[in-house]
1. Scan the stretch B:57-69 and give yes if some residue there is basic (Lys, Arg), within 28 Å of residue A:47 (Cβ to Cβ) and either at pLDDT below 95 or open to solvent by 30 Å² or more (accessible area, probe 1.4 Å) (or both), otherwise no.
2. Would you check if there is a residue in the stretch A:109-118 being in contact (Cβ under 8 Å) with a residue 24 or more places away in the chain, more than 24 Å from residue A:27 (Cα to Cα), more than 16 Å from the chain's Cα centre (by Cα) and surrounded by 17 or more Cβ atoms within 10 Å (Cβ to Cβ)?
3. Looking at residue B:107 and the list (1) part of a loop (DSSP other than H, G, I, E, B); (2) touching a residue at least 60 places away in the same chain (Cβ under 8 Å); (3) open to solvent by less than 30 Å² (accessible area, probe 1.4 Å), which single condition is not satisfied?
4. If you check A:103, A:95, A:87, which single one turns out to be among the small types (Gly, Ala, Ser), more than 8 Å from chain B (Cβ to nearest Cβ) and surrounded by 15 or more Cβ atoms within 10 Å (Cβ to Cβ)?
5. (1) assigned to a loop (DSSP other than H, G, I, E, B); (2) open to solvent by 20 Å² or more (accessible area, probe 1.4 Å); (3) within 14 Å of another protein chain (Cβ to nearest Cβ): which one isn't true of residue A:81, the others all being true?
6. What residue, of B:31, B:40, is within 11 Å of another protein chain (Cβ to nearest Cβ), free of Cβ contacts under 8 Å to residues at least 12 places away in the same chain and within 28 Å of residue A:90 (Cβ to Cβ)?
7. Going through B:36, B:79 one at a time, which residue ends up being open to solvent by 20 Å² or more (accessible area, probe 1.4 Å), touching a helix residue (DSSP H, G or I) at 6+ places or on another chain (Cβ under 9 Å) and not hydrophobic (A, V, I, L, M, F, W, C)?
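The values are calculated or read from the model by the stated rules, or taken from the named source; none is laboratory data. What you are looking at is a predicted structure, and each value in this text was computed from that prediction instead of being measured. Here the Cβ positions follow ideal geometry from the backbone for every residue, glycine too, while neighbour counts run over all protein chains shown. Just the protein is used for accessible areas: all its heavy atoms, side chains included, with ligands, DNA and RNA removed. Shrake-Rupley method; radii C 1.70, N 1.55, O 1.52, S 1.80 Å.
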Amino acid sequence: EAGVTQFPSHSVIEKGQTVTLRCDPISGHDNLYWYRRVMGKEIKFLLHFVKESKQDESGMPNNRFLAERTGGTYSTLKVQPAELEDSGVYFCASSQEVGERSSTDTQYFGPGTRLTVL
Amino acid sequence: GQNIDQPTEMTATEGAIVQINCTYQTSGFNGLFWYQQHAGEAPTFLSYNVLDGLEEKGRFSSFLSRSKGYSYLLLKELQMKDSASYLCVPGRNTDKLIFGTGTRLQVFP
């Protein structure tokens with residue numbers, strides 16, 4: 001079974017440009033999450049999709065970030081326009097909706113996209 | 001809110017046993033995850049404890065005490081490849097994971 005995949009693995013852009021990151025979750029996983037790790041800091045939650053709906057986007061830093069998951073399969077995260085502080089590693093994770101509220105579904109992470117804004 | 005407390009760094013020798021402790025405070029607690037993260041890579045799922053007690057999975061075991069807000073990860077027969085950061089992550093009923101900085105383990109020959 002294929003794991004979570006992300007594209008590209010690396011992206012180097014200039015300040016003010018636009019970048020779109022893509023995440024393909026594990027097949028059949030309804031939950032999809034985006035996280036970000038900036039240099040030297042811990043991994044931070046950005047947002048959570050359940051199928052095509054945004055369940056929680058409380059971690060999105062500002063309106064320069066736009067995430068979509070049309071059709072409930074893969075997701076994209078667009079940064080427009082990119083700023084220097086957006087540099088970091090963007091992780092995507094997915095989990096299967098088990099439906100038990102007494103436990104948390106295990107999230108499996110993709111390899112990440114390393115974004116460098118110059 | 002959430003608070004996670006685990007040692008910043010640990011060192012151990014190849015072949016040895018190491019125990020990484022974690023205490024946590026969180027709302028909506030739904031079990032405790034341990035992830036391994038090698039430098040520059042994604043977190044890899046190691047274990048998930050919902051109930052109190054010890055769960056063993058090969059060389060790695062994880063323990064949870066919900067009443068004490070305490071967990072540990074036990075690594076046996078350490079190998080060089082076990083050098084990585086180990087993240088103690090409380091699961092919550094909101095599903096999103098909140099990470100701390102983890103414990104950086106260095107294994108020496």
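1. No, there is no match, as no residue in the stretch B:57-69 is basic (Lys, Arg), within 28 Å of residue A:47 (Cβ to Cβ) and either at pLDDT below 95 or open to solvent by 30 Å² or more (accessible area, probe 1.4 Å) (or both).
2. Among the residues of the stretch A:109-118, at least one is in contact (Cβ under 8 Å) with a residue 24 or more places away in the chain, more than 24 Å from residue A:27 (Cα to Cα), more than 16 Å from the chain's Cα centre (by Cα) and surrounded by 17 or more Cβ atoms within 10 Å (Cβ to Cβ), which makes the answer yes.
3. Only one criterion in (1) part of a loop (DSSP other than H, G, I, E, B); (2) touching a residue at least 60 places away in the same chain (Cβ under 8 Å); (3) open to solvent by less than 30 Å² (accessible area, probe 1.4 Å) is unmet by residue B:107, namely (1).
4. Unique residue meeting the criteria: A:87.
5. Single failed check for residue A:81: (3).
6. When all the criteria are applied, what remains is B:40.
7. After ruling out the rest, the residue left standing is B:36.
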